[in-house]
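Here, each number is a calculation from the coordinates, and none is a lab measurement. Bear in mind the structure is a predicted one, so any value in this text is a computation, not a measurement. Cβ: placed from backbone, ideal geometry, glycine included. Neighbour counts: every protein chain shown.
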Amino acid sequence: RSDTRGILYLTVDVGDEVKKGQHVGVIKDYFGHVLRDLEAPETGIVLFRVTSPATNPTDPILAVGGK
């Protein structure tokens, strides 16, 4: 889940395999400055990702199913 307001840029898609701690995207402010680097919460497969780039605190970002 997001912990900040901004624009979401994900670098993974549904079905991609990720490893815990792997870079999966960033949240930027409206001027393009990175507010937060996003990492995979666990090793597994991306089950879903949001399609809207706008994000607010507590909004879902993506889900990873463990392997």
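Data for the structure
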read-out	value
Phi-based couplings in Hz for the stretch 47-60 (Karplus 6.51, -1.76, 1.60; Gly and Pro marked x)	8, 8, 9, 6, 9, 7, x, 6, 9, 10, x, 6, 5, x
Spin-label pair LYS19/ALA63, simplified geometry with 7 Å Cα→Cβ offset, distance in nm	2.6 nm
